[in-house]
Every structure is written in C-alpha cells, then in structure tokens.
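Remarks on the structure that follows.
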Amino acid sequence: SSRRRHTRFRNVTGVQTCALPISETNFFYNEEPALFLTEKIFKPIAHKHPFIVLGRPKTLSLLKDMGYKTFGNLIDESYDDEEDDIIRMMMIIKEIKKLSNLSGFELQLFLRKAAAICEHNFRMLVHKKNFVREITNDPRY
C-alpha cells in the first residue's frame, strides 16, 4: 500500500509507526519529584526514530537542554509544559491520534522532516562523552 511505502520506521516489534510513544519512568508531576531521562528515550534516538514522550512536565525541555531536538515543528509539544497529569495525557493522546490519521502524503512529509531531527539526535548520542548531568538549582527541573 502507499502508506506502507512511505513509512520507513519500525519499532522493536516490527510494527510500522511514524512516532513511538515513549513512556518514561516518571509521569506523575506531584508524586515523583525527580526529572530524569532513562534508556527508554535514548532507544528511539539510537534507532533514528521519531517519538512522543509520556513523561513528567519539562521532560522535552531537559532533552533540549542536552542538545537534542524534538518534534515541535511537526506536532504540538505544549503538553511538555502541562502540570496537570490528566490534561497532559489527553494532550499526548490527541497528538498520537493526529499522527495515526495522517494521509499518505502527510505521512511522507512528516517522515521527511522527522528524518533530519532523528539524524541530528543520533549524531548527538553517538558523539556524547558525558552522560551524567550536574545537579543544579535550575527551577525548571
């Protein structure tokens, strides 16, 4: 099918996807005090795959602070600023639904634009030397 031809990303199960929803270890804003990134976010980066993060607020901000790019020019990532867990989850679901309803042409466009971001992130990961971030008093985290 034309949709299959344009979808070049596969998740670990072999199912074709245009963006993986990544469930980070911490999601609940008031119950889990630490904001950190785990291997879960770095797996799609290592495989040059687009992703949507199901995590605490500011997870994408932390990733950007480390030099990675996210897909804010392709999807609405305002969920990263939402502190209400239920609202944040509904915002994420809305974006996943939008992606699942892309036409063949829209999907091709999405994948073309996402590929540049994925390549940047892959290069950041393979050239990274320090995987530990110093603890700071940054109020965003």
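Worth a mention:
- Extending 7 Å from the Cα toward the beta-carbon at both MET66 and TYR29 defines two label points whose distance is 2.3 nm.
- Length released on extending from HIS47 to PHE105, taking residue separation times 0.36 nm less the Cα-Cα span: 18.5 nm
- Violating pairs (Cα-Cα greater than 18 angstrom) within the set LYS40/LYS64; LYS43/LYS64; LYS43/LYS98; LYS48/LYS69; LYS40/LYS69; LYS40/LYS113: LYS43/LYS98; LYS40/LYS113
- Most tightly packed first, judged by the mean number of other beta-carbon atoms within 10 Å of their residues, the peptides 120-126, 83-89 read 120-126, 83-89.
- Here the gap between ASP85 and PHE36, fully extended at 0.36 nm per residue and compared with their Cα-Cα distance, gives a gain of 15.9 nm.
- For the stretch 44-57, 3J(HN,Hα) per residue [Karplus equation, 6.51 cos²θ - 1.76 cosθ + 1.60, θ = phi - 60°, Hz, x = Gly/Pro]: x, 5, 5, 9, 6, 10, x, 8, 10, 9, 9, x, 5, x
- Distant-in-sequence amide H partners of PHE51 (H built 1.01 Å from N, under 5 Å): LEU20
Here, each number is a calculation from the coordinates, and none is a lab measurement. What you see is a predicted model, and the numbers here were worked out from it, not measured in a lab. FYI the Cβ positions are ideal-geometry reconstructions off the backbone, even for glycines, and counts take in every protein chain you see.
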